[in-house]
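Take a look at the structure below.
The values are calculated or read from the model by the stated rules, or taken from the named source; none is laboratory data. The structure presented is a predicted model; accordingly, all values stated were derived computationally and were not measured. Quick reminder, even Gly has a Cβ in these numbers, built from the backbone with ideal geometry, and neighbours come from all protein chains shown.
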Amino acid sequence: MISTWADILAATGPDPERFSAENAQYLVGPDAGVVVIAPGDRPQGSGVRTADRIVLRDLPAPVATLLDRGPLLGFVRVFDGYLSLGRLHLADGTFDKSGQLATAGLRVEERLSYEVLDRARPLAEVDLPGVAWLDRLPADPVAALRAFVTGWYGTPRLAGAATEGLPPALAAFHEIAADRPEMLGRLQTLIEAHRYRTWIGGLTVIGRENQGAWTILTDLAQPDPPVWYDGLASLRRARAQAAGRPEPEPREEDPLREREPLSGFLLQFVLSTAALESPFGAWADVDVEQAERFHATLQPVPLEPARIPADDTVHHAAPGLIVATGGEGDRRRIHVGASRRWALRDLRDPGFRWSRFDG
């Protein structure tokens, strides 16, 4: 709905106080508080992020106080007036040193239609990285890794790290990752080569889960060695027991071997990191049939299923998109990562409901 400035003043009540901050104007009146946001996609600034989320930075103190008491009325200034976003409720935020709310994440009370979203947060069409890297598989995972990373992250600016004495795939990974720390992951992390430590039995710890639940091991003396997880099998048994589910058959023991050797594991690690940790993404819990229909629109990555983030994780790709899907029984969790927000537009109506969707 398009409103006028007179409509906004009528909503606030007489003589509202006015404040300005980054890409936003605020009116605080006796009847209501209002925020008028500039249109556009600003992932690091104030603005409309998704159909159900707004972020406001550098909040004026009176607006922060008002948000503690109730919602704001939201609008976006467009060429023909003020586009209504409805009521915006405080969902989360960060605070300054004095304890005042400085950045607010706001929940849109009534989810915006995509027609409204596209006016409030217009996106410019952009070129997306392609999927030609899939042609290198399964024969050459290292070449596929190089091609994927260059397309997804861009050409590196720094020289590669020292990799003497490492298996070729691991040496290539660290060379590529030298200027791209996000490749090392956050949910599970690959360790920088100079921090490697030898584990019992001659294996080397090359990575770990971010809370220490398992470590990732390999044999640096082999050209393309197996990869092992120490702690993953026991963690999954404990989770199955806590949920009242039967343990996997046959029984798994630590250390648990990954299905792909090191070269394939490293590509799968980078793909999972892109799917789960990219700035733009989506995820949903679906049944097997819904997952299969969704995958039919994508290109499969021809490698064995990975054990992380869930056992039997498979990967798919499309221009600007990486999808990781795994699960147990008749349920699957789909994670989608996008190189640009634009890449998600074709996934707006997948035949199921997204739990998170940044498109």
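Tabulated results
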read-out: Helices (runs of 4 or more DSSP H) (entirely within the stretch 232-317) containing at least 1 residues that are farther than 29 Å from ALA171 by Cβ; value: 232-242, 288-295
read-out: Matching residues, the stretch 329-349, being under 16 Å from GLU292 (Cβ atoms) and either among the basic types (Lys, Arg) or modelled with pLDDT under 95 (or both); value: GLY329, ASP330, ARG331, ARG332, ARG333
read-out: Condition broken by ALA21, with the remaining ones in (1) at pLDDT 95 or above; (2) under 34 Å from the mean Cα position of the chain (by Cα) satisfied; value: (1)
read-out: Residue list for the stretch 41-62, filter: assigned to a strand (DSSP E or B) and under 10 Å from ALA104 (Cβ atoms); value: ILE54, VAL55, LEU56
read-out: Top-ranked residue of the stretch 1-49 - restricted to ones that are out of contact with any Gly (no Cβ under 8 Å at 6 or more places or on another chain) and among the polar types (S, T, N, Q), ranked as farthest from LEU117 (Cα to Cα); value: SER20
read-out: Of the criteria (1) outside any helix (DSSP H, G or I); (2) among the charged types (D, E, K, R); (3) surrounded by fewer than 23 Cβ atoms within 10 Å (Cβ to Cβ), which one ARG332 fails; value: (3)
read-out: Helices (runs of 4 or more DSSP H) contained entirely in the stretch 67-184, each with at least 2 residues that are among the hydroxyl-bearing types (Ser, Thr, Tyr); value: 141-153
read-out: Every pair of residues 6+ apart whose Cβ atoms lie under 9 Å, when the first sits in the stretch 301-329 and is assigned by TED's automatic domain parsing to the domain that holds GLU277 while the second is assigned to a loop (DSSP other than H, G, I, E, B) and of a type in the set (Phe, Trp, Tyr); value: ILE308/TRP214
read-out: Matching entry among GLY99, GLY105 (being over 19 Å from GLY29 (Cβ atoms) and either in contact (Cβ under 8 Å) with a residue 40 or more places away in the chain or touching a Leu at 6+ places or on another chain (Cβ under 6 Å) (or both)); value: GLY105
read-out: Given (1) within 30 Å of the chain's Cα centre (by Cα); (2) at pLDDT below 95, number of the condition ALA61 does not satisfy; value: (1)
read-out: Failed criterion for PHE79 (all others in (1) closer than 30 Å to ALA338 by Cβ; (2) over 33 Å from the mean Cα position of the chain (by Cα) hold); value: (2)
